[in-house]
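Working notes, beginning with the structure itself.
The values are calculated or read from the model by the stated rules, or taken from the named source; none is laboratory data. Here the structure is a predicted model, which means the values were calculated and not measured. A quick note on method: Cβ atoms are made from the backbone with ideal geometry, for glycine too, and the neighbour counts reach across all protein chains shown.
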Amino acid sequence: MESDEVEPEIIFPLDKPLDGLPSPIAERYLAMLELQHAPDAFAVRAGRLLEAICADKAISQDLSQRDQLNALIQEAGVPEGLVKQAHLVYTYRNYGGHLKELEVENADVPLIRGFIDALLDFLYRGSANLIRVSTAFEKRKEEALKRSVDP
């Protein structure tokens, strides 16, 4: 293979910030990303991240993982579509962690990661971004007002 035929893909540093993620969630997320080269282990780590999210949102640990994910709709206001994606991650986790008729493949990794990132964006990053952007915007407005008053 010639060097001009290689298309590098940046997987680190992160293309998504850890801002707004509670420490246990950020740790599990980083642990998941470390295994992008091993699809089955990546899927298992993604499932463990789902467990951490449910724990962070105070979803009963006495429920099955499927019921915990469903509880995110009522208890955390997660849209049903995102919960369906989380269910698919859970299914990938089961295939990655057990001998099954279907293997988790390299092509599945970006899909799983995308579903996880969408859930993290909704639950954590979105509010952190809103606070950061709102604060910066208010500061800009104050500075602009100050400049308009003080010629």
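Report yes if ASN70 is in contact (Cβ under 8 Å) with a residue 60 or more places away in the chain and among the polar types (S, T, N, Q), otherwise no. No. Which members of the range 56-65 meet the condition of being in a helix (DSSP H, G or I) and modelled with pLDDT of 90 or more? Selection gives ASP56 alone. Filtered by the rule that a residue be outside any helix (DSSP H, G or I) and surrounded by 17 or more Cβ atoms within 10 Å (Cβ to Cβ), the range 19-32 gives GLY20, LEU21.
Can we say LEU82 is assigned to a helix (DSSP H, G or I), touching a residue at least 12 places away in the same chain (Cβ under 8 Å) and out of contact with any Leu (no Cβ under 6 Å at 6 or more places or on another chain)? No.
State which residue is modelled with the lowest pLDDT when the search covers only the range 78-97 and only residues that are over 20 Å from ASP56 (Cα atoms) and surrounded by 21 or more Cβ atoms within 10 Å (Cβ to Cβ). Residue satisfying both the conditions and the ranking: GLY96.
Limited to the range 100-151, what total is found for residues that are of a type in the set (Val, Ile, Thr) and at pLDDT below 80?
Residues that pass the stated criteria total 4.
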